[in-house]
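Participant: One structure coming up, written as structure tokens, with questions to follow.
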Amino acid sequence: MENRGPSEEDLSTIADALHNCGCCYFFLKQFGKALACYNEALVLKGTLCRLDSVKAGTQNRAMKEGETGEQNTKVVHFSESTGSGFGVVFNKGDSLTYATTLKSIGAVHSKLTNYDMALQHYEIALQIQQSHLGYDHIVVAGTLSDMGHLLRRTHYMPDTAARCYKESLRISKLKLGPDHENVAHLLYNLGYVYDSMHRYNQAVACYSECVRVYGKRYSQGLLYRLLRCRGSNQSGQGEDIKDSISRDISFEEYQSSSDQASDMGENDSRENYHRVLNALEHSTRQAHETGSTVDSDNIFRINFEVLLLRFLEFLSDYIVDPTKNAIRSSVNSSVRSLEQASSNAVMTTRDQVAHQFLYLIQE
């Protein structure tokens, strides 16, 4: 019997298994093994993409290009979008799963501080996603955000990092709305970049909008703690939507290249809110020292909102929560006393006869 080799379905299964192995090694911080698995998965996925291109009617063109040592590719210069000067190759037939593995390889290189290699892989993945999904898809926003994290960490391309964050912010506002938590993450990161570039008025604008979003979410959490309304959700509306989208966006996914400055989530909301407040105060102070103009009315409004939230914090931390804890402790103590009394109760003969008589009544 003729041996035809593995089928396309077998190759796809093997590629997925290798990709998952790479994820496991990534979790274990064995980045060398993770990179090897991802690269093998990428080769298999590339083979499948070429087979799909042949089925689509490109076999003759591929054979002609193969004779001259060329490929059906489009060279996209990294310098056009990020200014790094590297040339990367984008195959038009590459699939979205191919782009996912490219992003995973880029994440490994980021962990190994090979930022140039990481950026090249993210750039190719971005081109593939844009060709399949368009420029306004939320997955594209996630890749742009990850590229912004990488570019910020290189410290020599802050302008390009800001452009990536701004484009990701535009898509996220369009798809998720202006009050979504991921929008706040991006605003914080964009403000961080502007602050590092000493563009304090733009940093203040980003931080101010970020404070508004986090203040809204944190105030919902405080009201939930104060009122304890049944059926309330302290995280606000749209959590189901966020959960379904975050699996695709992966702004904070395990392979994200973001550092502590980009880590943004009832304790998380409070921490994030105060973190952004501190950043806003710093940028506002620097803006005044350098003579930059800021919106004083907006700053006054934010300070008033901060005062109200701190009053709610005081009520929750020093009045409502201690009172609820005291009531809960008293109830639990009473329950334990009753349980102890019942366990130590003495049954008399009369009690036993009365207990048995209840069963006789039923019969």
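The values are calculated or read from the model by the stated rules, or taken from the named source; none is laboratory data. On a predicted model such as this, the values are computed, not experimentally measured, just so you know. Virtual Cβ from ideal backbone geometry, glycine too; neighbours counted across all protein chains shown. SASA here: full protein model, heavy atoms, side chains in, ligands and nucleic acids out. Shrake-Rupley method; radii C 1.70, N 1.55, O 1.52, S 1.80 Å.
Participant: Here is the link list: Lys29/Lys166; Lys33/Lys103; Lys33/Lys111. Which ones come out longer than 20 Å on Cα distance?
Facilitator: Lys29/Lys166
Participant: At a 1.4 Å probe radius, carbon and sulfur cover how many percent of the accessible area of region 131-233?
Facilitator: 52 percent
Participant: Can you run phi through the Karplus equation (6.51, -1.76, 1.60; θ = phi - 60°) for region 279-295 and list ³J(HN,Hα) in whole Hz, with x for Gly and Pro?
Facilitator: 5, 5, 4, 5, 5, 5, 5, 5, 5, 5, 5, 8, x, 6, 8, 10, 7
Participant: Ranked highest first by average number of other Cβ atoms within 10 Å, how do 304-315, 272-283 line up?
Facilitator: The packing order, highest mean first, is 272-283, 304-315.
Participant: Residue by residue, what Karplus-based ³J(HN,Hα) values in Hz, rounded to whole numbers, does region 104-120 have, using 6.51, -1.76 and 1.60 with θ = phi - 60° and x for Gly and Pro?
Facilitator: Listing the rounded values in order: 5, 5, x, 5, 5, 4, 5, 5, 8, 6, 8, 5, 5, 5, 4, 5, 4 Hz.
Participant: Still on this structure: How much of the accessible area of region 298-349, in percent, comes from carbon and sulfur atoms when a 1.4 Å probe is used?
Facilitator: Roughly 65 percent of what the probe reaches on region 298-349 is carbon or sulfur.
Participant: Here's something else I'd like to know. Residue by residue through region 135-150, what is 3J(HN,Hα) from phi via Karplus (6.51 cos²θ - 1.76 cosθ + 1.60, θ = phi - 60°)? Round to whole Hz and write x for glycine and proline.
Facilitator: Taking θ as phi minus 60°, the curve returns 8, 10, 7, 5, 5, 4, 4, x, 5, 4, 5, 4, 5, x, 4, 5 Hz for region 135-150.
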